[in-house]
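Below is one structure; the comments refer to it alone.
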Amino acid sequence: MANSFIGKSLPRTDALAKVTGKAKYTGDFIARNMLVGKILRSPYAHAKVKNIDVTKAKALPGVEAVLTYRDVPQNVYATAGHPYSLDPKHRDVADKTILTAKARFVGDEIAAVVAVDETTAVRALKLIEVEYEIMEPVLSPEAALAEGAPLVHEERGSNIVSSAGYQIGDIDKVLQTADYIFDDEMETGIVQHCAMENHVSYAYVDDDGRVVIVTSTQIPHICRRIVGQALGIPWGKVRIIKPYVGGGFGSKQDVCLEPLNAVMTMAVGGRPVKLELSREENMIGTRTRHAVKIKIKTGVSKNGKLLGIKIDAVSNTGAYASHGHSIMMAGGAKFKYLYVFEAIKYSPCTVYTNLPVAGAMRAYGSPQIVFALESHLDNVARKLNIDPLELRWKNFNKEGYLDPITGNKILSCGIKECVQRGKEFLNWDEKKALFAKENEHEKNRCRGVGIACFSYGTGTYPAGLEVAGARIALNQDGSVQLLAGATEIGQGSDTVFTQMVAETIGIPANMVHMISTQDTDVSPYDPGSFASRQTYVTGMAIKKASLEIKDKILKVAQKMTDQPAAALDIKNANIVDRQSDMIIMPLSQVALQSFYDPHASSPITSDVSHNARVNAISFGVTFAEVEVDIKTGQVEVKEIINVHDSGKIINRQLAEGQVHGGVSMALGYALSEQMLFEEKTGRLLNNNFLDYKLPTILDTPDISVDFVETDEPTGPYGNKSLGEPPTISPAPAIRNAILDATGVAFNRIPIRPQYAFEEFKAAGLI
């Protein structure tokens, strides 16, 4: 019998290396005579550099170089990790230079030092004398959009990055004919990715004069291009190597360090220079999640049918565009698969401010938009006096829906099954009735249940190019080497790829040798790890290469056996008769023949690329039960479950791990995490894990997970997205459970105890 690896919980291919400490991350690589780089950051949110004197810093023993904007290329480039576009209109906004003469947020990069050690580098930073012309900062979108507001980027003419949106149907007509109109205003805060591994890279110049950068990145091939653009050199003169990565969540889908690291090594004759951020630097100097203010208006019929929806959203992208308006467009594009609307008008606006830069973060705009939508629907259900689950149920979309804008079609949809399964798990009807009765008498501690749903894409097509590459080579013993351009950053993609190859070729998983490190000189092109694309898009390339390898093996076996290739198969690393499963010969015998037959030697390899012009829609739901202490504002999540339709599950244990991580991240988003800034200066007040309230294991309830396995016809193995979706719906589900428990509608997150206490007091509960 053949082994079946799809759907099995195989151990991670990198598990042993990681738990034993043998896995080498960027910070573990130490070159001989490695120098250390450090960055001088602006203490002001908005200021021009009038004069900068580095004389004392350069004179300090052990300092090898001091750099300002005068010493580095001033090419303006975009930092966002998107594939390059041949159409200039579709390229990311280029507004960054390696070092700047104008600070645009507290923490902007003014100068840099390269020294023999960290202590010397830090001392040198203190010796750099900078005279600033302090300017008025704009610290909110409202201030940035006000008439006569100071411009964050004067050359752009306004503080608006973009305001492109879309419309489907006649929204004004639909709203005019609706029986009810409901309005809400929602707001989400600024949070940080908080990956365990801070941003770190080291760079050197090789013997051929090429810049080599070893870096913790999600996007090695895109990083190479951006470094080339920033330095103004041919892209082929840059080599990016990605070792193990200690988490990214989108923060490493941006090129934050590498251009500066490159000029550092060039300034010291190509000697290796390490540039590693502290946690405090990481909080301000990398990327955050966009804060968004959302106005939402919905037209509803008497029987609870959703007719039309109008969403106006203003997003705070901070000092530089980064992923900017792409996030707002993505967040507004993905929710429309969830419910049936006759008309939708989505009007987003992305705005520069003098705050740290917002960029890609897990689920890329959907947590903000879905929080607003799903919270709003509970408000609507409450006003209509119907069960919020019932309101959703009667409006769910279904298979066959065609997006009139993108052309994407729902080909698999398990949302109703997800909701039914979660409802039964939580005992929704019983608890809702029980808690309502209890809460009439219990005024201090109230209980409630909440629901929130989502829809999400798999990859970026048609908005973005979806290309992936895979390279497989058959070894002499019948095992294979697998090299993919897709990046493993902790999510388990290398393990899933291993399972795919083993399944498709017909060999045990331990005969698939996955090469985890990506190197732009060696690895096939792949844009990187983002958009929940890897098992879907890269999986297509993996399957394509595996089938080609199998076909070549069977053709060699045909010559060796005089049996037609169509009558043969590979199972458990043996060539077998397809009909009877009778073993004919071991695969290793065919492998040796392919290498060493003097008459027909041709080692078996496959090097493929695949352009995916499809995009599968995944669905899911969160059910949450909470207990609220009215007097303190403390919210305890007693029970929470995510149920996902992610198509066929390739590795159940890894899938459950993704959901656990996503829900944990969303718990902080809902209840505790928020970057806090001084109102007048824009200085971050909680730039460390003591003051930034990241939930600990003691704050985390037992998280339950379930899957409704549909068969997605466009997925290489019936699969679709799972990496990002778990973080989308828990926050509104928790918010809705608090509404159910207390009757108080929180339209802003995080719902911290102080905020909750104030709202309960205003509602007369205290």
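The values are calculated or read from the model by the stated rules, or taken from the named source; none is laboratory data. Everything numeric here is computed off the predicted structure, so don't read it as measured data. Heads up, the Cβs are rebuilt from the backbone with ideal geometry, glycines too, and the neighbour counts pull from every protein chain shown.
Here is a yes/no grid of residues against (1) farther than 28 Å from LEU260 by Cβ; (2) buried (at least 20 other Cβ atoms within 10 Å of the Cβ); (3) of a type outside the set (S, T, N, Q):
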site: ILE128; (1), (2), (3): no, yes, yes
site: GLY165; (1), (2), (3): yes, no, yes
site: ASP179; (1), (2), (3): yes, no, yes
site: ASP183; (1), (2), (3): yes, no, yes
site: MET186; (1), (2), (3): yes, yes, yes
site: GLU197; (1), (2), (3): no, no, yes
site: ARG210; (1), (2), (3): no, no, yes
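Inside the stretch 406-455, residues that are in contact (Cβ under 8 Å) with a residue 40 or more places away in the chain, of a type outside the set (A, V, I, L, M) and part of a helix (DSSP H, G or I) make up a count of 11.
Here the condition is being farther than 26 Å from ASN444 by Cα and surrounded by fewer than 19 Cβ atoms within 10 Å (Cβ to Cβ); of PRO713, PRO725, it holds for PRO713 alone.
With respect to being under 30 Å from ALA291 (Cβ atoms), over 23 Å from the mean Cα position of the chain (by Cα) and surrounded by fewer than 21 Cβ atoms within 10 Å (Cβ to Cβ), ASN397 fits the description.
Just to be sure before I move on: is VAL663 over 17 Å from MET283 (Cα atoms), touching a residue at least 12 places away in the same chain (Cβ under 8 Å) and in a strand (DSSP E or B) in the structure I sent?
Criteria not met by VAL663.
For the stretch 575-588, taking the residues that are closer than 22 Å to ALA509 by Cα and without any contact (Cβ under 8 Å) to a residue 60 or more places away in the chain, the one that is surrounded by the most Cβ atoms within 10 Å (Cβ to Cβ) is identified as ILE575. The sole residue among ALA741, ALA666 that is surrounded by 24 or more Cβ atoms within 10 Å (Cβ to Cβ), of a type in the set (Gly, Ala, Ser) and either under 28 Å from GLY492 (Cα atoms) or modelled with pLDDT under 95 (or both) is ALA666. The strands (runs of 3 or more DSSP E) located wholly in the stretch 556-660 that include 2 or more residues which are within 30 Å of PRO726 (Cβ to Cβ) occupy 605-611, 618-629, 634-645.
The residues listed here are SER672, SER721, SER664, SER704; of these, the one that is among the polar types (S, T, N, Q) and within 23 Å of PRO388 (Cβ to Cβ) is SER704.
For first residues located in the stretch 224-250 and closer than 17 Å to THR265 by Cβ, partners that are of a type in the set (D, E, K, R) and crowded, with 19+ Cβ neighbours inside 10 Å and lie 6+ apart or on another chain with Cβ distances below 6 Å form the pairs VAL227/GLU258; VAL238/ARG224; ILE240/ARG224.
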